[in-house]
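Read through the structure below, which is laid out as structure tokens, and then see the notes.
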Amino acid sequence: MSTDEMPPPTVSKTDEQWRAQLTPQEYAVLREAATERPFTGEYTDNHRTGVYRCRACGTELFRSDTKFESHCGWPSFFTPLAGDRVIERADTSLGMRRVEVLCANCHSHLGHVFEGEGYDTPTDQRYCINSISLTFDEDEPAR
């Protein structure tokens, strides 16, 4: 979903409420579009099976079967769970042209998506997502 079609967030809180819920680092990334340092995030090297959720609101965003090794320092996925789970919008900050990825439910900053980088994925896209913007629910083992 692009920002041209961006509905208001389902989860809407004041800055004060977000600050009370999130740590200062989480707030900086999720609400102020900061970026965590590469290779420092909790999920960069996570290989367990499960679902990644928005840390701010709990929306399911990505499945582990779409995660791949990009060696860029952040968790990388080739597609979100569904197109309506994220919003993509132009980002011209830092003198670059990029596409920012937001949670569609609460409009929290997740990271950026890049296209055509030569990764051998079904979509040729790399959703480069800050670990700190995610939580992870591991799948229950099959019985």
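The values are calculated or read from the model by the stated rules, or taken from the named source; none is laboratory data. What you are looking at is a predicted structure, and each value in this text was computed from that prediction instead of being measured. Cβ atoms come from the backbone with ideal geometry, glycine included; neighbour counts cover every protein chain shown.
The figures follow:
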quantity	calculated
Elements of type strands (runs of 3 or more DSSP E) in the range 87-134, at least 1 residues being surrounded by 15 or more Cβ atoms within 10 Å (Cβ to Cβ) and of a type in the set (Phe, Trp, Tyr)	109-115, 125-129
Residue tally, condition among the small types (Gly, Ala, Ser) and either in contact (Cβ under 8 Å) with a residue 40 or more places away in the chain or in contact with a Pro (Cβ under 7 Å, 6 or more places away or on another chain) (or both), over the range 79-105	4
Some residue of the range 57-74 being out of contact with any helix residue (DSSP H, G or I) (no Cβ under 6 Å at 6 or more places or on another chain), among the aromatic types (Phe, Trp, Tyr), free of Cβ contacts under 8 Å to residues at least 40 places away in the same chain and more than 22 Å from Tyr27 (Cβ to Cβ)	no
All positions within the range 60-86 that are over 15 Å from Gln125 (Cα atoms), surrounded by 15 or more Cβ atoms within 10 Å (Cβ to Cβ) and at pLDDT below 95	Gly73, Arg85
Residues located in the range 13-36, provided they are exposed (fewer than 12 other Cβ atoms within 10 Å of the Cβ) and touching a residue at least 24 places away in the same chain (Cβ under 8 Å)	Glu32
The one condition in (1) in a helix (DSSP H, G or I); (2) touching a Ser or Thr at 6+ places or on another chain (Cβ under 8 Å) that Ser70 fails to fulfil	(1)
Residues located in the range 37-56, provided they are hydrophobic (A, V, I, L, M, F, W, C), buried (at least 18 other Cβ atoms within 10 Å of the Cβ) and part of a loop (DSSP other than H, G, I, E, B)	Ala56
